[in-house]
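The structure appears below as structure tokens.
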Amino acid sequence: MTHLLDCTVLSNAEVAPEHRRMILRGEAIARDTQPGQFCMLESNPGLIPFLRRPMSIERSEEDRFSVLYKIVGEGTRLLSKIQPGDTVNVQGPLGKGFPIQPGYERHILVGGGIGIAPLPGLAEALIRQNIATPEVLLAARSRDMLLCEEDFKSLGCSVLLTTDDGSAGMKAFAADALREMKPHEKTVVYVCGPMIMMATVHRLCMETGSLCLASLEAHMACGDSVCMGCVVETTFEEEFRRMVRVCHDGPVFDSRHINWNAGAPVS
Ligand SMILES: Cc1cc2nc3c(=O)[nH]c(=O)nc-3n(C[C@H](O)[C@H](O)[C@H](O)COP(=O)(O)OP(=O)(O)OC[C@H]3O[C@@H](n4cnc5c(N)ncnc54)[C@H](O)[C@@H]3O)c2cc1C
Ligand code: FES
């Protein structure tokens, strides 16, 4: 069930250069969130910016939930100025999260840059439901952009790091590092990050017979299935189901259902 709540900000702290974690008190949203769902945050109570900003819900427990965000433009810059004690209007939880897959031997979480945001909550859910302690692959451009390493380690997850410039972990792209982890038919890979990274992870999973569940990003206006601003092309045969709405049908999809050659909705 989706709620519209004025949430009190409990903290809004820097976790890496240009990256912050905001913890908000909002009991109904925290209670009803499933891993992989998102919310729409009002970054400013006035008319500018007019649209809410979509953010994955990183974790939720008891009366609170968190979002992990990267400052990229006006909306996220305004979010970064919010102080503990301030109020943010939030709509959520929205969308369909990660379907938990109990029948698999290995569960690998792959997060690229800020794409890691929905994965800590998923790791907690897999552990809490006694399904698995997932293996985690964190990919980023450089060491200072690697997020949540300690959070996953404190949950008992094994964490493999990979950076484009080799400043931490392997010097490789995410799909190359994932190949080294030898995923197989009884592996489920949960991935979130830039479209190009998810497309290469999807292709590797097709090669190895692994199931790949991808959390997509798209530009969103309404966040709630009305505006059609977030559609992506699928591989479905039927013409009437050629496009899906990331906000309503996703953001998490079986990667086989997405046409990765159609061009990224956002890069
Ligand atoms: C379902 C979903 C979950 C998301 N979760 C997170 C999250 O957990 N943490 C996080 O930091 N970001 C997340 N995003 C992306 C986030 O919504 C955008 O970065 C944010 O809306 C940008 O707002 P802005 O006003 O700061 O930037 P704008 O001024 O609107 O744009 C600045 C730059 O960011 C790009 N941009 C804008 N919107 C998006 C988008 N949706 N995806 C990618 N690039 C975008 C623009 O093309 C432009 O280059 C998510 C997006 C979706 C759709
Ligand atoms: S954002 Fe409006 S339909 Fe998805």
So, of the residues in region 203-254 that are more than 16 Å from ligand 2 (Cβ to nearest atom) and more than 22 Å from Phe173 (Cβ to Cβ), which turns out to be least open to solvent (accessible area, probe 1.4 Å)? Asp254
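Quick grid of which residues meet (1) modelled with pLDDT of 95 or more; (2) touching a Phe, Trp or Tyr at 6+ places or on another chain (Cβ under 7 Å):
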residue: Pro17; (1), (2): no, no
residue: Arg20; (1), (2): yes, yes
residue: Ile23; (1), (2): yes, no
residue: Met40; (1), (2): yes, no
Could you check Ala177 against (1) farther than 25 Å from Ile57 by Cβ; (2) among the small types (Gly, Ala, Ser); (3) open to solvent by 10 Å² or more (accessible area, probe 1.4 Å); (4) in contact with a Gly (Cβ under 9 Å, 6 or more places away or on another chain) and say which number it fails? (3)
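Report whether or not Phe38 is within 16 Å of ligand 2 (Cβ to nearest atom) and surrounded by fewer than 15 Cβ atoms within 10 Å (Cβ to Cβ).
Numbers: within 16 Å of ligand 2 (Cβ to nearest atom): yes; surrounded by fewer than 15 Cβ atoms within 10 Å (Cβ to Cβ): no.
Spelling it out, it is not the case that Phe38 is within 16 Å of ligand 2 (Cβ to nearest atom) and surrounded by fewer than 15 Cβ atoms within 10 Å (Cβ to Cβ).
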Go through region 217-254 and report how many residues are farther than 16 Å from Cys39 by Cβ and either out of contact with any Cys (no Cβ under 8 Å at 6 or more places or on another chain) or away from ligand 1 (no atom under 16 Å from the Cβ) (or both). 20
Could you say which residue among Pro17, Pro45 is farther than 25 Å from Gly193 by Cα, open to solvent by 30 Å² or more (accessible area, probe 1.4 Å) and either hydrophobic (A, V, I, L, M, F, W, C) or not assigned by TED's automatic domain parsing to the domain that holds Cys230 (or both)? Pro45
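Could you identify the single residue in Met170, Met145, Met198, Met181 that is over 19 Å from the mean Cα position of the chain (by Cα) and touching a residue at least 24 places away in the same chain (Cβ under 8 Å)? Even if it seems obvious, please write down each step before you answer.
On the way: Met170 fails: touching a residue at least 24 places away in the same chain (Cβ under 8 Å); Met145 fails: over 19 Å from the mean Cα position of the chain (by Cα); Met198 fails: over 19 Å from the mean Cα position of the chain (by Cα).
Answer to the selection: Met181.
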Which pairs do you get when a residue that is within 12 Å of Arg52 (Cβ to Cβ), found in region 221-236, comes within reach of a residue that is of a type in the set (Val, Ile, Thr), reach meaning Cβ atoms under 8 angstrom, with the pair 6+ apart or on two chains? Asp224/Thr2
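The values are calculated or read from the model by the stated rules, or taken from the named source; none is laboratory data. As the structure is a prediction and not an experimental result, all values here were calculated from the model. As a convention, Cβ positions derive from the backbone with ideal geometry for all residues, glycine included, and neighbour counts pool all protein chains shown. Note: accessible area is taken over every heavy atom of the protein model, side chains too, but ligands, DNA and RNA are not part of it. Shrake-Rupley method; radii C 1.70, N 1.55, O 1.52, S 1.80 Å.
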